[in-house]
Amino acid sequence: MPTAASSRSAGRRPDVPALGIAVMSPWGWRILAVFTMVAFGLCITFFLDGKTVFGALWVVIAAGWGGFSYRLWRLHLDWDSHS
């Protein structure tokens, strides 16, 4: 038997997430995903030019931005499904 939503939470938007507007807006993770692709392109460019130190640094940057972008995307999906 399905249960009805409590009157307290029915029709109410969920609370603001910890990362605020970056989670609520779909543009936060999308822009960060574009930055990740640019950083990945820079890392490929540096590796092809023989500058392995700079290439390795951009790999670290791309991995950090990509991980954070993924986290924002998952938090956004979770927040959006509860709204």
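The values are calculated or read from the model by the stated rules, or taken from the named source; none is laboratory data. Predicted model only: the values in this text are computed from it and were never measured. Positions of Cβ are generated from backbone atoms using ideal geometry, with glycine treated the same way; all protein chains shown enter the neighbour counts.
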Candidate set from segment 30-49 (those that are modelled with pLDDT of 95 or more and of a type in the set (Gly, Ala, Ser)); member that is nearest to residue 63 (Cα to Cα) = 39
Failed criterion for residue 18 (all others in (1) at pLDDT 90 or above; (2) part of a loop (DSSP other than H, G, I, E, B) hold) | (1)
Does residue 57 count as in contact with a Leu (Cβ under 7 Å, 6 or more places away or on another chain), surrounded by 14 or more Cβ atoms within 10 Å (Cβ to Cβ) and either among the hydrophobic types (A, V, I, L, M, F, W, C) or modelled with pLDDT of 95 or more (or both)?
-> no
Which one of the conditions (1) modelled with pLDDT of 85 or more; (2) loosely packed, with under 14 Cβ neighbours inside 10 Å does residue 10 fail to meet, given that it meets all the rest?
-> (1)
Residue under evaluation residue 51, criteria (1) surrounded by fewer than 17 Cβ atoms within 10 Å (Cβ to Cβ); (2) touching a Cys at 6+ places or on another chain (Cβ under 6 Å), criterion not met | (2)
